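Only one structure is covered here, and it is reproduced in the block below.
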Amino acid sequence: MESLSLPSIDISHAALEELGYNLDVTVEYTCPSGELKKWEGTFSSEIEDYEGHIKTLLQHFDIKTTDARNFILQHEDNKKRKKYLLQKDLLNPSKNYGGRTFVLSDQTVDAKDSLVKLKKISNWLQEPESKGATNMKDVLWFLDFEGMLRGEVFVEEFVEGGGMPMLMTILESSRKDNMTKLAVSCLYTACEYEEPLEYLRETEGAMERLFKLIYKAIIKI
């Protein structure tokens, strides 16, 4: 008896991406009044792209905005830290987002709040009594901060608001391994976009400051 020859099936990452996504999710949004609203539905690449789903959510929550790209979805990863959900995440078949709850977030607001926090940490680390260290709450905040730096609008607002020199100052002033390494990770993440790289290239003395950090014992750049 001849063996039955079955056609090979391409299950490569690229092939799975072409299949798109189809996920049942819950989205929460806290109104300026403090009221918590929810939306339950399906994210499907067959219905709309990522931006289209965001626009649908804005309409559902009655959010008036001139730029839908300011808004993005947040989720908690396996380490219970907040991260922005990007289009490429939805297309990644290794990440199962079905059944999860997301939070609709305004990146411009997140960026402003983060700049205030970053300035506070930067100023404290420059004080002699800090001895280059801050509290664990601030260190943990950097984990969330790195997640937010994945958002394009967030990074644009972060750079425009003067975040890069503050981040560089933290790198230079920190004397604790965990804080310094987290700040390095934040710099790496931010530099996936053009604006931070442009700052480093075009700001006088920025590259020199970065090169000096290479010789800092607890930094590996």
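The values are calculated or read from the model by the stated rules, or taken from the named source; none is laboratory data. This structure is a prediction, so every number in the text was calculated from the model and none was measured. Counting neighbours? That spans all protein chains shown, and the Cβs are built from the backbone with ideal geometry, glycine included. Accessible surface areas use protein heavy atoms only, side chains included; no ligands, DNA or RNA. Shrake-Rupley method; radii C 1.70, N 1.55, O 1.52, S 1.80 Å.
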Conditions (1) more than 18 Å from the chain's Cα centre (by Cα); (2) farther than 30 Å from LEU23 by Cβ; (3) in contact (Cβ under 8 Å) with a residue 24 or more places away in the chain; number of the one not met by PRO93
(2)
What's the total number of residues in the range 75-123 that are assigned to a helix (DSSP H, G or I), open to solvent by less than 60 Å² (accessible area, probe 1.4 Å) and of a type in the set (Lys, Arg)?
1
Of the residues in the range 140-158 that are open to solvent by less than 20 Å² (accessible area, probe 1.4 Å) and out of contact with any strand residue (DSSP E or B) (no Cβ under 9 Å at 6 or more places or on another chain), the one that is farthest from ILE72 (Cα to Cα) is PHE142
Return the pairs, sorted by first residue and then second, in which the second residue is at pLDDT below 85 and assigned to a helix (DSSP H, G or I), the first residue lies in the range 119-137 and is within 17 Å of MET166 (Cα to Cα), the beta carbons are less than 6 Å apart, and the residues are 6+ apart or on different chains.
TRP124/SER130
Total residues in the range 137-180, condition of a type in the set (Phe, Trp, Tyr) and either touching a Gly at 6+ places or on another chain (Cβ under 8 Å) or within 17 Å of GLU127 (Cβ to Cβ) (or both):
0
Please verify whether GLU28 is touching a residue at least 12 places away in the same chain (Cβ under 8 Å), open to solvent by 100 Å² or more (accessible area, probe 1.4 Å) and out of contact with any Cys (no Cβ under 9 Å at 6 or more places or on another chain), treating the condition exactly as stated.
no
Among the numbered criteria (1) closer than 22 Å to ASP77 by Cα; (2) modelled with pLDDT of 90 or more, which single criterion is violated by LYS137?
(2)
Name every residue in the range 173-194 that is in a helix (DSSP H, G or I) and open to solvent by 60 Å² or more (accessible area, probe 1.4 Å), in order of residue number.
ASP177, ASN178, LYS181, TYR188, GLU194
When you check GLU2 against the structure, is it modelled with pLDDT under 90, in contact with a Ser or Thr (Cβ under 8 Å, 6 or more places away or on another chain) and farther than 20 Å from ASN96 by Cβ, yes or no?
no
Going by the structure shown, is ARG201 more than 17 Å from the chain's Cα centre (by Cα), more than 14 Å from LEU118 (Cα to Cα) and surrounded by fewer than 20 Cβ atoms within 10 Å (Cβ to Cβ)?
yes
Consider only pairs whose beta carbons are under 9 Å apart and that are at least six residues apart or on different chains; among these, list those whose first residue lies in the range 155-166 and is outside any helix (DSSP H, G or I) and whose second residue is buried (at least 21 other Cβ atoms within 10 Å of the Cβ) and of a type in the set (A, V, I, L, M, F, W, C).
GLY161/ALA111
